[in-house]
Each structure stands twice: as C-alpha cells, then as structure tokens.
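The structure under discussion appears below in the form of structure tokens.
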Amino acid sequence: MTRPPGSYALGVSLLLSAACASAEADRAAFDQVDTVASPAASASGEPNLATLPNGRVLLSWLEAIGDTAHAFRFATFDGSAWSAPKTIAQSSDFFVNWADFPSVIALSDDHLAAHWLQRNGTSKYAYEVRIAQSLDGGTTWTAPTVPHRDGTATEHGFVSLFPFRDSLGAIWLDGRNFAAAQKGASPNMMLVMTSVSPSGAAAPERVLDERVCDCCQTSLATASGGPVVVYRDRLDGEIRDIGVIRWSDSGWTRGTLVHRDNWKIDACPVNGPAIAADGRRVVVAWFTSAGDTSRVYLAQSDDGGATFGSPIRIDDGNPVGRVDVLLDRDGTAVVSWMEFTSGQQAEVRARRVAASGESSASLTIAQSSGARASGFPRMTAAGDAVIFAWTEPGNPARVRVARASVKRSS
C-alpha cells in the first residue's frame, strides 16, 4: 500500500467538553433519548440499520430459531410503528458472529439488497458471503449469489454493500490465501471487490488491497466522485492504521491512510472504521490504541476523501471503540461508540461534531457491556432524529432500539 505524504502528520487532537462547546455545536446538540419498541424477538442480535429513500428506517437482525437454526429478518419503521418482520433467509448453517454481521441496503424504495454469511466447510472460519436482492420491497428475494469464486473453505466476510453503476457493489475481506498456506506461514487477508447485477450475475473480482487486517469491519459511503471505502490496513511492522480507497473516473485509487496513528499490534483488534459522505464532504470515525492509549477519532474531508484534516478526539477517556458515523442533513457529523464505565460495564454514547470541529457534549444512549456479546451498536438518520440499535446481552440476548431527537436552531 502507498504511504500518505508527510502532510498527514499528526495534528493537535481536540476533545471539547460541553462547557467549551461553541454555540454552533450547542444548537445542534441532542435533545433527548426515547426507547423505541423493537420488532426483534428474544434471542436476537447483530442488528444493522439503513434509511430508505422514502425516509423509513430499516432494521435487520439475526434471530435464533429453535436450538440450531437462525433467521435473517428485517422490519421498517415509519416514525411511529414497525412493519411486520419479514424473513430474508433461514438456515442451520449461518455463520453467526458478534463482529461480522449481515446487512440490508436500499438501491431504491423497492429494490433492496442483503448479505449474510453461511458456512462452507468444517473449520471454525470456513464461511462464504451470500447476497440476495428483492425488487418488491423485501417480499420475495432472488436465489443467493456468492460474489467470490475461489471456492475455498476459508474466511470471507466483513462486507460492505453499495450502489455501483447500474448494479450492486460488494467489498469484503477475503481469506482465500489461507487455503494453500504452508504450516507456520502467515498468509495475507485481502480486500476484494465485485459487482452483482439485479439478476444475480457477478462481475470479475478485483483485489483492492493485497494485505489488510484480518477481521475488522469495512465501511463504504458514496461521495460526489463515487464510492469511498475505509478499512483497517496491515502495513510493514504490523502497523494497523485506517486505509482509504476511492473510485474515480480511472477506476479505484491506490490506498492511502486517513491518518498515520502508527498503531503497532501483532493481532487484529476486531474494531473497524466507519464512514459517511454527502457530496464532497466525507467523515471517518475509528478506534486506535497507538501508544497504549485508547482513543476514538473523527477525521473530515472536503475533497471527496482525497485528503483528511487532523483528527478530532471523540471519546470520553476510556473507549471500547465499535464506532459508527453519519452525516446529518445540516452537515453535522454524528459519531457513536462504546465507552467503559466500570470494569466491563460500558455505555453506548454519541456526540455531534460540526464541520468547524466544535462538538456537543456526549449523550448516553444505553447501558451496555464491553463484552463481545454486546456486539456493535448501529445508527441511522431519520428526519430530525437518529435511530440507534444494539444488542442487549442476556440469556437470551435481544436487539434494542432508541431514538435521539436533535435540537435545531430557530
């Protein structure tokens, strides 16, 4: 991967409390948090969220069926009530993992695309990506497509789906190199991309980065110049900082770094980045523990993700990470993350950051746990509110939902 130029050197990190937040940020702060009844039954988890073009919110999740099977389900929210849940797929062979979870996106109100993970071998991490599409709002789904054609019983996951030309784009982490690796070798996980037509035909695969971190989430947003993907890279010396690759008229760019954290870690932290875009404005949130200090950062770009400004520190001093980010309709970035409070106790928190870099006070969305069972909280914009979803650990666990309204200046 190409290293970024020296202009990406570490800038001054900003961590602003409510007392010193600007009037601009204060006017755009959160107002209150309300619990929203969840459509997911008990024994559910791995939620994901998307906002449809018509403004409805789509929640997807995995739900245990009996002792061995799982169903991949979704429902939509009109601001007051959820639709009846619908099942996309159901199997006893799903790969169910706290960090590598399914998704549904909308290419239009009626054209939905979904991905999930299904086992294709007997080893612990032998699983493949399945993609299905619906042209009737999720009532019926196409037969699933496997976007990778290597046929190996290795890890394929951490998928990001996105509109791409007239098709569906898919990016994933690909472990096919592990199939032929000699004992004691250290093969590389790759970042791979393809597109899938509405009929399910997959285009040729393209390797975007030949060596990436093994099991951190990817994230993708579409800026005015095209798709921008972020992921945790794996550089020489086991430096695992956040990489960015953009689509341009000449194809995919070579990777650069959002910021040079210089986080040296000899294992995958399972803590990927998140990205949002609106026109040429792009924001990226991520977790790092470079220098043995855990932080959540936000970096902003005004040129479609080609360059990023100095990172703004978001956390409250003891973050778990597990970030998400979105851009509000007024251009404000909203970052969510998990923060340790006591022992393994943790909270889901969120903070709004204006384009100027000024931030609101953090808001606690829910009490949670830093354990893996709590998964990765997700969020999406819904008019003058933000919808949050997370897994509440327990026996059984259950997907929970909340809505945070936003103060608007008069």
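Do you know which residues across segment 364-408 are small (Gly, Ala, Ser), outside any strand (DSSP E or B) and crowded, with 22+ Cβ neighbours inside 10 Å?
Ser374, Gly375
Might you check whether a residue that is crowded, with 19+ Cβ neighbours inside 10 Å, at negative phi and among the hydroxyl-bearing types (Ser, Thr, Tyr) occurs anywhere in segment 168-187?
Checked segment 168-187: no residue is crowded, with 19+ Cβ neighbours inside 10 Å, at negative phi and among the hydroxyl-bearing types (Ser, Thr, Tyr).
So is Asp315 open to solvent by 10 Å² or more (accessible area, probe 1.4 Å) and either assigned to a strand (DSSP E or B) or not polar (S, T, N, Q) (or both) or not?
Against the criterion (open to solvent by 10 Å² or more (accessible area, probe 1.4 Å) and either assigned to a strand (DSSP E or B) or not polar (S, T, N, Q) (or both)), Asp315 does not qualify.
Count, please, the residues in segment 264-297 that happen to be open to solvent by 20 Å² or more (accessible area, probe 1.4 Å), in contact with a strand residue (DSSP E or B) (Cβ under 6 Å, 6 or more places away or on another chain) and either of a type in the set (Ser, Thr, Tyr) or farther than 19 Å from Ala221 by Cβ (or both).
Within segment 264-297, residues that are open to solvent by 20 Å² or more (accessible area, probe 1.4 Å), in contact with a strand residue (DSSP E or B) (Cβ under 6 Å, 6 or more places away or on another chain) and either of a type in the set (Ser, Thr, Tyr) or farther than 19 Å from Ala221 by Cβ (or both) number 3.
Identify the single condition in (1) open to solvent by 10 Å² or more (accessible area, probe 1.4 Å); (2) over 26 Å from Arg260 (Cα atoms); (3) hydrophobic (A, V, I, L, M, F, W, C) that Val320 does not satisfy, given that it satisfies every other one.
Here Val320 meets the rest and fails (2).
For every residue, the table says whether it meets (1) assigned to a strand (DSSP E or B); (2) under 17 Å from the mean Cα position of the chain (by Cα); (3) more than 19 Å from Ala50 (Cβ to Cβ).
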| residue | (1), (2), (3) |
| --- | --- |
| Ser108 | no, no, no |
| Lys124 | no, no, yes |
| Asp136 | no, no, no |
| Thr139 | no, no, no |
| Ala143 | no, no, yes |
| Leu168 | yes, no, no |
| Ile171 | yes, yes, no |
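Could you say which residue among Ala75, Ala64, Ala132, Ala89 is closer than 19 Å to Met193 by Cα, in a strand (DSSP E or B) and small (Gly, Ala, Ser)?
Within the list Ala75, Ala64, Ala132, Ala89, the selection yields Ala132.
Pairs under 7 Å by beta carbon, first residue within 15 Å of Gln217 (Cβ to Cβ) in segment 162-183, partner open to solvent by 40 Å² or more (accessible area, probe 1.4 Å), six or more apart or different chains?
What qualifies is Phe162/Thr222.
Yes or no, residue by residue, for (1) of a type outside the set (S, T, N, Q); (2) at pLDDT 95 or above; (3) open to solvent by 70 Å² or more (accessible area, probe 1.4 Å):
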{"site": "Pro4", "(1), (2), (3)": "yes, no, no"}
{"site": "Gly11", "(1), (2), (3)": "yes, no, no"}
{"site": "Pro39", "(1), (2), (3)": "yes, yes, no"}
{"site": "Ser60", "(1), (2), (3)": "no, yes, no"}
{"site": "Asp78", "(1), (2), (3)": "yes, yes, yes"}
{"site": "Trp82", "(1), (2), (3)": "yes, yes, no"}
{"site": "Asp93", "(1), (2), (3)": "yes, yes, yes"}
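Every residue in segment 197-238 that is part of a strand (DSSP E or B), open to solvent by 30 Å² or more (accessible area, probe 1.4 Å) and either farther than 25 Å from Thr380 by Cβ or in contact with a His (Cβ under 7 Å, 6 or more places away or on another chain) (or both), please.
Correct list: Ala202, Arg206, Val207, Glu210, Arg211.
When you look at Val228, is it modelled with pLDDT of 95 or more, more than 21 Å from Phe72 (Cα to Cα) and aliphatic (A, V, I, L, M), yes or no?
Values: modelled with pLDDT of 95 or more: yes; more than 21 Å from Phe72 (Cα to Cα): yes; aliphatic (A, V, I, L, M): yes.
Here the answer is yes, as Val228 does meet what is asked.
Assess whether Ala350 counts as being more than 24 Å from Trp98 (Cα to Cα), in a strand (DSSP E or B) and open to solvent by less than 10 Å² (accessible area, probe 1.4 Å). Let's see the steps before the verdict.
On the way: more than 24 Å from Trp98 (Cα to Cα): no; in a strand (DSSP E or B): yes; open to solvent by less than 10 Å² (accessible area, probe 1.4 Å): yes.
When the stated conditions are applied, Ala350 does not pass them.
The values are calculated or read from the model by the stated rules, or taken from the named source; none is laboratory data. Keep in mind the model is a prediction, meaning the values are calculated, not measured. As a convention, Cβ positions derive from the backbone with ideal geometry for all residues, glycine included, and neighbour counts pool all protein chains shown. The protein model used for the area step is the full one, side chains on, heavy atoms only, and it has no ligands, DNA or RNA in it. Shrake-Rupley method; radii C 1.70, N 1.55, O 1.52, S 1.80 Å.
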